[in-house]
Amino acid sequence: MNPESAHLISKAISGPFAKHLSISVVEAKTGHAVLEMPVGKIHKEIDDKVSYGAIVALADTTIGIGARTVMGKGEESATLEIQIIQLEQTSASHLISNSIIRREDDMLITGTVTVSDKHGNEIAIGQGTFAVFQANQSPTHIKTPAPS
């Protein structure tokens with residue numbers, strides 16, 4: 001992982017969204033990220049189950065942090081698509097999320113993600129596609145081909 005990646009990760013994880021959800025980085029290496037989220041009252045529905053939205057937010061953030069491990073100076077990224085293909089209810093007090101990342105080309109990064117509880121039970125499995133763009137540009141000006 002290059003030094004710029006470390007800066008991008010620090011910037012992203014210290015933002016208000018990740019802080020609000022109490023998401024933190026456990027590990028980030030080139031092409032891989034592990035994040036955790038202790039589950040509190042803000043993450044739960046009225047039935048005391050973890051909100052699906054909180055689980056998906058953790059999954060998306062984990063792919064996003066992983067994406068930054070393969071980015072360089074002056075690059076930013078934005079979620080183009082996140083697809084959750086398995087999603088289970090849970091009352092877990094702590095969630096851990098792992099992503100595996102692949103840089104497709106100059107404009108696209110793809111990743112897979114698994115969210116589990118502290119006992120290793122899979123809560124969510126998904127995949128995502130992120131646009132890569134220069135920090136001084138908007139991702140809306142980039143035309144990206146569909147992943148193959």
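Residues are listed down the side, and each one gets a yes or a no for (1) β-branched (Val, Ile, Thr); (2) over 16 Å from Asp60 (Cα atoms); (3) touching an Asp or Glu at 6+ places or on another chain (Cβ under 6 Å):
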site: Ser77; (1), (2), (3): no, no, no
site: Ile82; (1), (2), (3): yes, no, yes
site: Gln89; (1), (2), (3): no, yes, no
site: His94; (1), (2), (3): no, yes, no
site: Ser97; (1), (2), (3): no, no, no
site: Ile101; (1), (2), (3): yes, no, no
site: Ser116; (1), (2), (3): no, no, yes
site: Ile125; (1), (2), (3): yes, no, no
site: Phe130; (1), (2), (3): no, no, no
Subject >> Condition met for Val26 (loosely packed, with under 14 Cβ neighbours inside 10 Å, within 22 Å of Thr90 (Cα to Cα), touching a residue at least 60 places away in the same chain (Cβ under 8 Å) and hydrophobic (A, V, I, L, M, F, W, C)) >> reply: yes
Original post:
So which residues in segment 116-136 are without any contact (Cβ under 8 Å) to a residue 60 or more places away in the chain, aliphatic (A, V, I, L, M) and within 24 Å of Leu8 (Cβ to Cβ)?
Top reply: Ala131
**OP:** Assess whether His7 counts as being out of contact with any Gly (no Cβ under 6 Å at 6 or more places or on another chain), crowded, with 18+ Cβ neighbours inside 10 Å and either modelled with pLDDT under 95 or under 17 Å from Ser116 (Cα atoms) (or both).
**Re:** no
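Would a scan of segment 86-96 turn up a residue that is more than 14 Å from the chain's Cα centre (by Cα), of a type in the set (A, V, I, L, M) and within 14 Å of Gly126 (Cα to Cα)?
Yes; the residues of segment 86-96 include at least one that is more than 14 Å from the chain's Cα centre (by Cα), of a type in the set (A, V, I, L, M) and within 14 Å of Gly126 (Cα to Cα).
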**OP:** Would you please name the residue that is modelled with the highest pLDDT, looking only at residues in segment 70-96 that are of a type in the set (Gly, Ala, Ser) and farther than 14 Å from Tyr52 by Cβ?
**Re:** Ser93
**OP:** Write out, first by first residue and then by second, each pair whose Cβ atoms fall under 9 Å of each other, whose residues are 6+ apart or on separate chains, and whose first residue, in segment 84-107, is free of Cβ contacts under 8 Å to residues at least 12 places away in the same chain while the second is among the β-branched types (Val, Ile, Thr) and in a strand (DSSP E or B).
**Re:** Asp105/Val132
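The values are calculated or read from the model by the stated rules, or taken from the named source; none is laboratory data. These numbers come from a predicted model, not from an experiment. Neighbour counts are summed over all protein chains in view; Cβ atoms, including those assigned to glycine, are modelled from backbone coordinates with ideal geometry.
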